[in-house]
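The structure appears below as structure tokens.
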Amino acid sequence: MVVVGAGAAGLAAARTLHNAGARVTIVEARPRIGGRVWTERSCGPYPIELGAELIHGEHTSTVALAHMAGLTLAEVDRYNGLRWGTPARLVQDLPATDPAWQTITAARDVWHKLATQYADDAADRSLAAELIQRGVDPARLPIADVVLAQTCCAELETLSCVDLAREIRGDRAGPREFRLREGYDTLLNWLARDLDIRLGSPVHAIIHQADEVQIKTPASILRARHCIITVPVAVLAAGMIRFDPPLSASKQAAITAFRTLSATKHFFWFDEPLWDAGFAYAAHGGLFARWWTPAHPDLSAPLICCYVTASRAEILDRLPDDTVRTLGLAELSRILGRDDVARRCTGFRRYRWAHDPFARGGYAHLLPGMAWARPALAAAEGSLHFAGEATAFDSNPQTVHGAIDSGRRAAQECLR
Ligand SMILES: Cc1cc2nc3c(=O)[nH]c(=O)nc-3n(C[C@H](O)[C@H](O)[C@H](O)COP(=O)(O)OP(=O)(O)OC[C@H]3O[C@@H](n4cnc5c(N)ncnc54)[C@H](O)[C@@H]3O)c2cc1C
């Protein structure tokens with residue numbers, strides 16, 4: 001068996017096949033494993049998560065694996081700990097007459113009710129349209145955009161309610177959130193142990209017949225009975241891999257139904273923490289919309305991360321480092337309500353996933369009317385099997401545990 005891609009989905013697929021006694025090789029384009037999980041340890045005194053950072057839910061494959069690997073979970077309460085505005089104030093302490101309190105409360109309520117409002121065959125609409133229909137003032141949609149759509153690497157106008165409802169209905173993950181104290185990469189390194197992984201091997205062609213698949217890289221041709229493809233859907237959409245014969249019309253339609261928008265993490269280091277010990281998560285309506293303090297090696301690290309997606313990231317990605325650093329510090333200064341922020345900053349770094357050729361953006365979502373595409377992307381075609389976060393129709397797409405679940409599902413298809 002051959003698995004294309006050594007991210008969470010590919011490693012989970014290969015681990016499942018390996019544990020079942022199958023011979024499996026992973027072919028990975030990058031010089032490292034992990035894909036959109038990337039813990040960077042060479043940038044200063046504290047490691048940073050350039051990609052995935054949180055484990056979303058206590059009943060997830062990631063939590064189970066962390067326990068097996070003996071890793072330490074650090075819980076974070078972003079839901080109750082959310083602060084809003086400039087300066088940022090705890091949302092749960094805001095008066096019920098405050099526009100931010102009203103909008104965030106209403107947006108969360110609409111989100112949870114999607115599951116019962118949108119059956120799989122319901123007429124679809126955008127999350128923006130749904131919020132307005134449920135009484136949210138259109139002038140306040142920018143607040144809902146920050147708390148709901150930024151997380152999904154999308155705009156309220158481009159999110160399909162039917163697709164979100166399917167995910168919420170089947171959600172078994174639970175509401176708690178964690179970080180891995182040792183770094184997210186330790187989880188994937190644990191999954192990868194003893195596996196045959198060929199790094200630096202970008203696949204450019206896959207020739208497939210009923211009983212054999214040829215996987216071509218610049219340096220080799222691998223032959224396999226089954227091939228599991230876990231590359232991001234944006235990589236498939238960009239035509240970076242040629243399929244011969246071409247994929248079915250329904251698979252090609254599914255691939256083009258997804259949108260993968262920009263996602264960028266900005267890190268700012270200081271001489272000491274400029275925030276109180278309870279500071280976990282702050283948001284506001286600016287360009288640098290969401291800020292949080294990373295949790296490893298300890299909560300008192302003088303390091304803060306600003307994670308932006310979609311059009312905000314697209315705008316910032318076009319600006320040079322110095323400009324982004326200055327603009328970011330100005331917004332942080334208003335969020336923290338202090339004027340020494342720029343002076344105390346000792347370092348800055350960002351990572352733009354839209355500029356990464358093997359990711360081509362953050363993570364994928366589906367436009368209104370396109371919810372059919374997720375199971376269609378996941379469906380096997382002869383000896384080809386498909387995994388990766390975008391295919392996680394029966395788990396949580398856009399997450400590490402969703403990717404792991406999809407890899408295991410594809411491996412089981414091969415073993416049948
Ligand atoms: C900035 C950011 C923050 C995130 N935060 C979180 C979070 O807090 N919590 C969470 O659960 N999830 C988060 N996610 C999402 C999570 O990272 C992904 O859902 C998950 O890691 C995807 O795993 P995957 O295996 O599907 O894809 P990937 O990790 O992208 O793996 C695919 C692999 O395929 C390789 N590849 C691509 N093209 C080729 C080719 N031609 N030949 C060979 N190999 C190829 C890639 O290099 C990559 O290694 C975040 C993502 C980003 C970008």
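The values are calculated or read from the model by the stated rules, or taken from the named source; none is laboratory data. The structure presented is a predicted model; accordingly, all values stated were derived computationally and were not measured. Every residue, glycine as well, gets a Cβ built from its backbone with ideal geometry; the counts of neighbours run over all protein chains shown. To get the accessible areas, we keep the full protein, side chains included, count just its heavy atoms, and leave off ligands, DNA and RNA. Shrake-Rupley method; radii C 1.70, N 1.55, O 1.52, S 1.80 Å.
Between the helical axis of 99-117 and the longest alpha-carbon principal axis of the chain there is an angle of about 30 degrees.
Between E381 and A139, residue separation times 0.36 nm minus the direct Cα-Cα distance comes to 82.5 nm. If only the Cβ of Lys and Arg carry +1 and only the Cβ of Asp and Glu carry -1, the dipole of region 1-80 around its Cα centre is close to 400 debye. Around the Cα centre of the chain, unit charges on the Cβ atoms of Lys, Arg, Asp and Glu (plus for the first two, minus for the last two) sum to a dipole of about 660 debye. Full extension of the chain segment joining S42 with A342 gains 105.7 nm, where the gain is 0.36 nm per residue of separation less the Cα-Cα distance. Taking the 1.4 Å solvent-accessible surface of the chain as the whole, the part contributed by carbon and sulfur is 52%. Which listed residue (L141, L94, A106) has the Cα farthest towards the positive end of the charge dipole for region 78-169, taking +1 on Lys and Arg C-beta and -1 on Asp and Glu C-beta about the Cα centre? Comparing the listed Cα positions along the dipole, L94 ranks first. Against the longest alpha carbon principal axis of the chain, how many degrees, from 0 to 90 and to the nearest 10, is the axis of helix 8-19 turned? Long axis of 8-19 versus the principal axis of the chain: about 40 degrees.
Sequence-distant contacts, meaning Cα pairs under 8 Å at least 6 residues apart, place the relative contact order of the chain at 26 percent. Charge tally around S126: other residues with Cβ under 14 Å, Lys/Arg +1 each, Asp/Glu -1 each, net -3. A simple rule links phi to the HN-Hα coupling: the Karplus curve 6.51 cos²θ - 1.76 cosθ + 1.60 with θ = phi - 60°, which for region 318-323 gives 7, 8, x, 3, 4, 5 Hz, with x for Gly and Pro.
The A115 and D77 beta-carbon pair, evaluated with R₀ = 25 Å, returns a calculated FRET efficiency of approximately 0.65.
Taken about its Cα centre, region 78-169 carries a charge dipole of about 360 debye when Lys and Arg each add +1 at the Cβ and Asp and Glu each add -1 at the Cβ. Please compute the net charge surrounding L188, taking Lys and Arg as +1 and Asp and Glu as -1 over other residues with Cβ under 11 Å from its Cβ. Once all neighbours under 11 Å are counted, the net charge is +3. Residue separation of E58 and L199 scaled by 0.36 nm, minus their Cα-Cα distance, works out to 47.6 nm of gained length. Remark: spin-label model distance D211-R225 equals 1.2 nm, labels positioned 7 Å along the Cα→Cβ axis. Zone of S248 (label point 7 Å along Cα→Cβ, backbone N under 14 Å): which residues in region 370-391? Only 373-386 fall inside the zone, counting backbone N under 14 Å. Within the chain, DSSP assigns beta bridges of which about 70% are antiparallel (rounded to the nearest 5). Taking Lys and Arg as +1 and Asp and Glu as -1, the other residues whose beta-carbon sits under 13 Å from that of T16 total +2. The label-point distance for N19 and R416, in a model that sets each label 7 Å from Cα toward Cβ, rounds to 2.0 nm.
Relative to the longest principal Cα axis of the chain, at what angle does helix 400-415 sit, 0 to 90 degrees, rounded to 10? Compared with the principal axis, the helix lies near 10 degrees.
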